[in-house]
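The values are calculated or read from the model by the stated rules, or taken from the named source; none is laboratory data. The structure presented is a predicted model; accordingly, all values stated were derived computationally and were not measured. FYI the Cβ positions are ideal-geometry reconstructions off the backbone, even for glycines, and counts take in every protein chain you see. Just so you know, the surface numbers come from the protein's heavy atoms only, side chains and all, with ligands and any DNA or RNA stripped out. Shrake-Rupley method; radii C 1.70, N 1.55, O 1.52, S 1.80 Å.
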Amino acid sequence: QVQLVESGGGLVQAGGSLRLSCAASGRTSSNYVMGWFRQAPGKEREFVAAISSGGSTHYADSVKGRFTISRDNAKNTVALQMNSLKPEDTAVYYCAAVVASWYIPSYDREYRYWGQGTQVTVSS
């Protein structure tokens with residue numbers, strides 16, 4: 001069993017920045033793909049970014065060039081640096097994890113462990 005806890009959400013003006021963090025505990029392993037998803041009210045959960053155990057990354061087209069995902073295997077944490085935020089980025093952001101495979105999953109059903117979510121609100 002792995003527990004994931006997100007932090008760092010809040011209210012920010014358009015064009016601003018936020019840094020989200022996810023701390024993993026329990027039966028953790030560095031051999032996990034760690035991902036971020038988000039869900040706005042009335043919309044389906046969508047993939048944001050993910051990072052493999054080896055540090056390879058994948059981003060949704062909507063956040064490329066603005067968001068950066070990183071991980072610290074020694075501390076069992078993953079972060080999402082969000083710059084140039086837009087109102088469209090407003091959502092609950094979730095941290096997720098799954099045992100590493102030969103590719104980086106981008107569907108929420110491919111992830112096994114999930115955090116409780118943290119609210120990000122971008123005002124215009």
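Positive end of the dipole of the chain, charges at C-beta (+1 Lys, Arg; -1 Asp, Glu), about the Cα centre: which of H58, G115, A23 has its Cα farthest in that direction?
A23
Top mean-square fluctuation among A96, A24, A14, Gaussian network model of the chain, C-alpha springs under 10 Å?
A14
For E88, E46, E110, E6, write out the residues from largest to smallest accessible area, computed with a 1.4 angstrom probe and no ligands counted.
E88, E46, E110, E6
Choose one answer from A40, A74, A49: the residue with the largest mean-square fluctuation in a GNM of the chain with alpha-carbon springs under 10 Å.
A74
Based on alpha-carbon centroids, what's the gap between the stretch 1-51 and the stretch 72-112 in Å, whole number please?
The stretch 1-51 and the stretch 72-112 have Cα centres spaced 5 Å from each other.
In debye to the nearest 20, how big a dipole does the chain give about its Cα centre with +1 on each Lys and Arg Cβ and -1 on each Asp and Glu Cβ?
180 debye
For Y107, what accessible surface area do you get with a 1.4 Å probe? Give it in Å², rounded to 10.
Solvent-accessible area, nearest 10 Å²: 120 Å².
Along the stretch 26-32, what does the Karplus equation 6.51 cos²θ - 1.76 cosθ + 1.60 (θ = phi - 60°) give for ³J(HN,Hα), rounded to whole Hz, x for Gly and Pro?
Values, residue by residue: x, 7, 7, 8, 6, 8, 10 Hz.
Keeping all protein chains in place, calculate the accessible area per residue for the chain (probe 1.4 angstrom), answer in Å².
Counting only protein heavy atoms, the per-residue value for the chain is 52 Å².
Taking N as the number of residues in the stretch 1-115, what value does Rg over Cα atoms divided by 2.2 N^0.38 Å take?
Dividing the Cα radius of gyration by 2.2 N^0.38 Å gives 0.99.
Picking from C95, Q13, T77, whose Cα lies most toward the positive end of the charge dipole for the chain (charges on Cβ: Lys, Arg +1; Asp, Glu -1)?
T77
What's the extension gain from T77 to Q39 if we count 0.36 nm per residue and subtract their Cα-Cα distance?
Length gained, T77 through Q39: 11.5 nm.
Only Lys, Arg, Asp and Glu count, each charged at its Cβ (+1, +1, -1, -1), so figure out the dipole size of the stretch 74-124 about its Cα centre, rounded to 20 debye.
The dipole of the stretch 74-124 has a size of about 160 debye.
Let me check something: with ligands and nucleic acids excluded, how do W102, W114, W36 order by accessible area (1.4 Å probe), largest to smallest?
Largest to smallest exposure gives the sequence W102, W114, W36.
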